[in-house]
Amino acid sequence: MNKKVLVYFFLFAFLSPFAGFSQNGDPFPSLIRGPYLQVATTSSIMIRWRTDGSARSRVRYGAEAGRLDRVVDDSSLVTEHKVVLSGLEPDTKYFYSIGGFRDTLQGDGSDYFHTLPLPGLAGHYRIGVFGDCGNNSVNQKQSRDQFLKYLGNDYLNAWILLGDNAYSHGADAEFQAKFFNIYKDNLLKNYPLFPSPGNHDYNDREASSEVARNTHEIAYYQNFSMPFHGEAGGTPSGTPAFYSYDIGNIHFLSLDSYGQEENQYRLYDTTGPQVQWVKKDLAANKNKEWVVAYWHHPPYTMGSHNSDEVDELIKIRENFIRILEREGVDLVLCGHSHDYERSRLMMGHYGMQASFRAAVNNVSNSSGLYDGSENSAPYIKDSLNNKGTVYIVSGSAGQLGGKQLTYPHSAMYFADADHGGASIIEVTNNRLDWKWICADGVIRDHFTMMKNVNRHSVISIKKGESATLTASFVGKYHWNKSGETGASIIVSPVSGKTVYTVTDEFGNVKDSFEVVVRK
């Protein structure tokens, strides 16, 4: 082997632990992006990565880290690798490796994913929320690290992006340096990603911005793949700009608040294709227990942007969100303002900040904190009265700072423009918990929402029979008759009518069971 070949050998061995040479002495392409997980469903997933030279694609995978006994190949010579694994089992963990036909680029046992749970299936799910993250700042890295520290060994079913994912112009090089490089060793390789775009992703300071808004020919759409054919649940949209999907009993809508459809329609144009699709999707998914919609531009904010002055924020508030409220959407998540703001459970406010009336617009006067502090009951909705939405601006996972003179917005129960952070949604059956995890590790805001609790049941049994009583809520339990603390108890009254009650630890939620013994 001559000196030149030796130099190449050591160079590529240093750049990548999997780097090597083909049989003719040429170096194998090196991994420069990924792997990252896209278009996750209950039975399939797309694994993407980028190499510095054209190569064929191979993914090995299996249920055990040391036994990757299944293979998917693509013989096309590409630098942008997209391999779909199909025929997978729902809610199942798989390990994988990526590379070419004769080399392995990555796959050391730390590369794994879970398929999505079956649509509508209640369970315990976690979804990360990152807004305005891609600026390569200390705040971005600390927000990432503290989020992962909070997550610990728990699995994250997915994470979502609220736009402005690569500052300042959404260029491919900015995505590489400020997004993919930041999250490559943790979030990207293990957890499916479902993004939405922001104005910076559309090159909003470039002369081509207006053209890009119409054509969608931007790095964002080249770098991400979306389940817009309905393969992950929801109604097919036919465009990666907006789409929906299910994670168990949670239905998500990812929307585009900056791009245009048919060269004219924005998110606030209620006759446009996006809003018409939103209406169809919500109508078709009324059976989902939780509904979350997210996009970039918030209807309420007094952070780095003013929702009383910015035209698109005003129009989204006036024209669009009433559709979501009418359909009972539980959470609306946005970025754009580089702070954190969170409302109570509210509805019906479509005007300027000064017109907000807590007595009229707040469906609940609780803080939602559900921690035993004053006025901290969970927000409660049910299938008969599914009114109210919590609006959240979580746009400080990278960018940070900025307040209007009228900060905070009157509709916001909690606001903080001094600390950055990311957020997490945790759902257990009919209970949803939200937490804002700051870059210093402090959880500065949280709330709880429950559905179909405070139930009253009448149960009839024969003499000598038993009945199993189960609380309608998820939490800590106190039963009045027995003092038991489990979610269920078995009772065997001997005669007449006996009333059993179960309350939560703070006395905010209460179920009652009237057990009647038939003669």
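The three principal axes of the C-alpha atoms in the stretch 456-518 carry coordinate ranges of 34, 18, 15 Å, sorted with the longest axis first.
Helix content alone sets the calculated 222 nm mean residue ellipticity of the chain: runs of n ≥ 4 DSSP H residues at -39500 (n - 2.57) each, divided across all residues, give -3500 deg cm²/dmol.
At R0 = 25 Å, how high is the FRET efficiency between ASN452 and SER495 if r is their beta carbon distance? Nearest 0.05 is fine. Step by step, r from the Cβ atoms, then E = 0.20.
May I ask for log10 I(q)/I(0) of the chain at q = 0.07, 0.10, 0.12 Å⁻¹, from a Debye sum over the Cα atoms as equal point scatterers with solvent left out? The Cα Debye sum returns log10 ratios of -0.43, -0.82, -1.11. The C-alpha atoms of the chain define a longest principal axis, and helix 138-151 lies at about 50 degrees to it. Taking each residue as 0.36 nm, the span from ILE459 to ALA487 lengthens on full extension beyond its C-alpha to C-alpha distance by 8.3 nm.
Modelled this way, with points 7 Å down the Cα-to-C-beta line, the labels at SER43 and ASN386 are 2.7 nm from one another.
Label-to-label distance for ALA122 and ASN214 is 5.0 nm, based on points extended 7 Å past Cα in the beta-carbon direction. Extending 7 Å from Cα along the Cβ direction at SER512 and again at LYS286 yields two label points whose distance is 3.0 nm. Straight-line reach from LYS189: taking Cα to Cα under 27 Å and skipping same-chain neighbours fewer than 8 places apart, the lysines in range are LYS82, LYS93, LYS141, LYS149, LYS178, LYS435. Full extension of the chain segment joining SER373 with THR406 gains 9.1 nm, where the gain is 0.36 nm per residue of separation less the Cα-Cα distance. So how tilted is helix 3-15 from the main axis of the chain? Cα-based, degrees 0 to 90, rounded to 10. Between the helix axis and the principal axis of the chain, the angle is about 10 degrees.
Give, rounded to the nearest 20 debye, the magnitude of the charge dipole that the chain has about its Cα centre when Lys and Arg contribute +1 at Cβ and Asp and Glu contribute -1 at Cβ.
Dipole size: approximately 1480 debye.
Separation of the stretch 93-166 and the stretch 463-499, taken as the distance between their Cα centroids, equals 41 angstrom. Look at the dipole of the chain built from charges on Cβ: of ALA122, SER366, ASN136, the Cα furthest out on the positive end belongs to ALA122.
Expressed in units of 2.2 N^0.38 Å, where N is the residue count, the Cα radius of gyration of the stretch 74-154 is 1.44. Here's how it looks for ASN452: its modeled amide H is under 5 Å from those of LYS381, ASP382, SER383, which are all 5 or more places away or on a different chain.
Seen against the Cα atoms of the chain and their longest principal axis, helix 273-284 is set at about 50 degrees.
Values in this text are rule-based calculations from the coordinates and carry no lab data. Predicted model only: the values in this text are computed from it and were never measured. Ideal geometry is used to build each Cβ from the backbone, glycine not excepted, and the neighbour counts take in all protein chains shown.
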